Amino acid sequence: MKILGIETSCDDTAIAVVHAEGKSDHPVFKVLSNVISSQVETHAEFGGVVPTLAAREHAKNFTPVLQQALTEAGTKPEEIDLVAVTTHPGLMPALLVGVHAARAFAWRFDTPIVGVNHLEGHLAANLLDPSVTVIAFPAVALIVSGGHTQLVLMRSWTDYKILGQTRDDAAGEAFDKVAKLIGLPFPGGPPIAAYAAKAPVGSNWTGTNGKAFPRPMMKDDTFDFSFSGLKTAVLYAVRDRYGTVKSPDIPDDEKATLCAEFQQAVVDVLVKKTARAASEYHAETVMLGGGVAANAELRKQLGEALPDSTAYLLPPKGLSVDNGAMIAAAAYLRWEEKPQAARDEANWRNVTVQV
Ligand code: KG4
Ligand code: ZN
């Protein structure tokens, strides 16, 4: 079947057409188009996403993005077999635009429609790698995005339990806030990773109190996380070293070392807890999802921390961040499990924003 995947939960208007076949334990996906219209420039001056501006931009961009996604896939609207749209979690004004446009499409073309959990989408992104076929469960998944940091125990794609999550800032949020502090653009993950990659080997950026950045909650017994203290530690270190936190004048090489030290602190905590969860729950598979899953050091170091016998899945490059293809894939996994009666109920009247 051909699925139209729609994602507007945050600051990307993202629509894809995905061809899907096979049972949910062995699905085969082909991404026919994957269009993402980023709003980064709209939100850049605010250092974060402004919900009402996001909604305005989604409304403006939705139809052109939809047209492009259908054209690139060589698909007519009548040929779409299923509409998939993110209904939660996310920014309410932003979600409303995608959900209501999806309902209108489903009504106009009499297409079944299902609401999708954005985080399930991030995990389903792993299945868009054509080399991934069968997934062995139980699996442990680390979801790291701008809004969420969660460790999830999965018994199947639709049967899962949250083992732990952040008690304050999400991992991506920490990247974004630290980037803002040191004058790097939003979103902060990519520029911090780029600076970190240039850091001189062996240097240790420790601030004036002689301590490296903390690894919050790394050694406690829970699977929860906390990143706001780490962000504050970076802020204090910058203040102590440069005498101000307002546009500090940080030389490029020191910025690189700071980024590397901060990134390593985040990666250490994420890797340690994920590897411990995998071992405790005898995970056959470990998978990553969410925008921070694009981080090369996290991808590499988590892989190194897992035993060779554990399958290790990563979303294909470019599909870690928000996109419509992952929403289409997540919808298919749920759709395949639905009995006919539930499929008959999958119409636009029953799909609303879930926040
Ligand atoms: O999943 P996503 O696209 O949107 C949300 O659902 O939040 O994640 C966006 C987050 C941002 O915080 C961004 O800074 C982070 O992902 N990110 C990265 C990298 N690329 C994106 N963080 C670390 N390293 C990266 N390479
Ligand atoms: Zn996301």
Item to check | Proximal lysines relative to Lys2, as straight alpha-carbon distance under 18 Å, when same-chain residues fewer than 8 apart are discounted | outcome: Lys23, Lys30, Lys76, Lys338
Checklist outcome for this item: If unit charges are put on Cβ atoms (+1 for Lys and Arg, -1 for Asp and Glu) and the dipole of the chain is taken about its Cα centre, the option from Val144, Ala174, Ala305 lying farthest towards the positive end turns out to be Ala174
Checklist entry - Any idea how many Lys pairs in the range 127-253 come in under 30 angstrom at the alpha carbon, given 8 or more places apart or on separate chains? => result 22
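Determine, for Lys161, Lys198, Lys255, the number of other Cβ atoms within 10 Å of each Cβ, and report the residues in order from fewest to most.
Taking fewest neighbouring Cβ atoms as first place, the list is Lys161, Lys198, Lys255.
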Checklist entry - Amide H to amide H under 5 Å from Met287: which residues, 5+ apart in sequence or cross-chain, H placed 1.01 Å off N in plane? => result Val140, Ala141, Leu142, Leu313
Item to check | Simple label model, 7 Å out from Cα along Cβ direction - Glu41 to Arg155, nm | outcome: 5.0
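Kirkwood-based Rg over Rh for the chain (C-alpha set), two decimals?
Numbers: Rg = 20.7 Å, Rh = 20.9 Å.
Over the Cα atoms of the chain, Rg/Rh equals 0.99.
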Item to check | Ellipsoid equivalent to the range 131-194 - semi-axes via the Cα gyration tensor, in Å | outcome: 30, 15, 6
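Using Cβ contacts closer than 10 Å as the measure, can you line up Asp11, Asp252, Asp308 from fewest to most?
Values: Asp11 25, Asp252 9, Asp308 6.
The order, fewest Cβ neighbours first, is Asp308, Asp252, Asp11.
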Checklist entry - Taking Lys60 as the anchor, which aspartates and glutamates have their alpha carbon closer than 17 Å to its alpha carbon, excluding any fewer than eight residues away along the same chain? => result Glu7, Asp11, Asp12, Glu41
Checklist entry - Tell me, Tyr332, Tyr236, Tyr281 in order of fewest to most beta-carbon neighbours within 10 Å? => result Tyr236, Tyr281, Tyr332
Checklist entry - If you plug each phi of the range 302-313 into the Karplus form 6.51 cos²θ - 1.76 cosθ + 1.60 with θ = phi - 60°, what whole-Hz ³J(HN,Hα) values come out, in order, with x for Gly and Pro? => result 5, x, 5, 7, 9, x, 4, 6, 8, 6, 10, 10
Item to check | Once the Cα gyration tensor of the range 214-355 is diagonalised, semi-axes √(5λ) in Å | outcome: 38, 22, 15
Next on the checklist: Residue by residue through the range 159-172, what is 3J(HN,Hα) from phi via Karplus (6.51 cos²θ - 1.76 cosθ + 1.60, θ = phi - 60°)? Round to whole Hz and write x for glycine and proline.
Outcome noted: 10, 8, 9, 7, 7, x, 7, 6, 8, 9, 6, 7, 4, x
Checklist entry - From the backbone phi of the range 39-46, what are the Karplus-calculated ³J(HN,Hα) couplings (6.51 cos²θ - 1.76 cosθ + 1.60, θ = phi - 60°) in whole Hz, Gly and Pro given as x? => result 9, 3, 5, 4, 9, 3, 5, 9
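Pick out, in residue order, every one of the chymotrypsin sites (Phe, Trp or Tyr not before Pro) in the range 28-117 that is DSSP loop and has at most 12 other C-beta atoms within 10 Å; say none if there are none.
Details: sites: Phe29, Phe46, Phe62, Phe105, Trp107, Phe109; in loops: Phe46.
Qualifying residues, ordered by number: Phe46.
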Item to check | Debye intensity ratio I(q)/I(0), log10, the range 12-75, q values 0.23, 0.27 Å⁻¹ (C-alpha model) | outcome: -0.88, -1.03
Item to check | Under-5 Å amide H pairs with Asp129, H placed in peptide plane, nonlocal only | outcome: none
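Values quoted throughout were computed directly from the atomic coordinates according to the rules given, and no laboratory measurement underlies them. Given the structure is predicted, the values throughout are model-derived calculations rather than measurements. Glycine also receives a Cβ, built like all others from the backbone with ideal geometry; neighbour counts cover every protein chain displayed.
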